[in-house]
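All of the numbers you see were taken from the coordinates with simple rules; none came from a lab. Being a predicted model, the structure only gives us computed values, none of them experimental.
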Amino acid sequence: MSSLSIGRAWDEAKAALLANRKLIVPVALGLILLPAVIVSMIEPRVAPGDQPPPGAWMLVALAMIIVMLIGELAMVLLVNGFRGSVGQAIGKGARRTPVFIVATLCFLVPVLLVFSLLLGGAGGASPDSGQIDWANFGAAGWLAVLACVIALLYFAVRLLPLLAVVASEGVGPIAALKRSFALTSGHFWRLFAFLVMLVIGFAVVAMTVGAVIGAAVTLTLGEPAPWSLSLLLIALAGGLVQAGFVMVYVAMLSRIYVQLAAPMATVPEVEREV
């Protein structure tokens, strides 16, 4: 089993971001910040707690998510010493994005399908609408939810290096899933702790920045109406936080992948293009 040091990965991630900032920052701004702002601007404004109504905006949001995935895959390559240009890294990220999407769906769809069956069998869904009936949610329904949450957490940890595997190795979706499981074998709890700390850190920063910027913009320019300057400024602040988080997250995943993969003789070298 390979060794894993989160502290070492953090040091290497900081060094890689600093050394390659002129390559990585433009990717983060163009393929993470810009799509995040676009989604924030086109998403219908609804009351807190309500879901925005479906519409054509969802297709644009889906396209922006794909753009973000391309950016993340490109950043993995740049963090790990890709010798080609930024354009080549983005091009390779675009070619590998379908592999990542299919690999994600291969584990996510069965988990959600099993969850739906369990929830339906436990009486947690309304027979008329098919929606979750929270008013009559019983113990069996909560057990089904708990089982789904545990399954999603398990897969999230075991497949943590999936992004780096897809970007760095020329394998298909199923092979990428197997590689991720192989790389994370014996490291579950350490990776779980890393993931929890990362999520908590992002949530604290995002809520703090959102509250401060949102209050300041609202007091200065008024409530953020659709396509207003106030909404644009709030979207930019949120997008900057998201872009910064993605850079740190991707850099950490990239260096964790290198640590886990390096001792394994069957792992190919990270591909580099000249």
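At a glance:
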read-out: The chain, Cα convex hull volume normalised per residue, Å³; value: 155 Å³
read-out: Max mean-square fluctuation residue, GNM over the chain, Cα-Cα springs under 10 Å, options 235, 139, 206; value: 139
read-out: Vicinal HN-Hα couplings computed from phi for region 162-172 (Karplus, 6.51 cos²θ - 1.76 cosθ + 1.60; Hz; Gly/Pro x); value: 4, 4, 5, 4, 5, 5, 9, 10, x, 10, x
read-out: Candidates 167, 225, 237: whichever shows maximal mean-square fluctuation once the chain is modelled as a Gaussian network with Cα springs under 10 Å; value: 225
read-out: Among 59, 34, 260, residue whose mean-square fluctuation peaks in a GNM of the chain (springs only between Cα atoms under 10 Å); value: 59
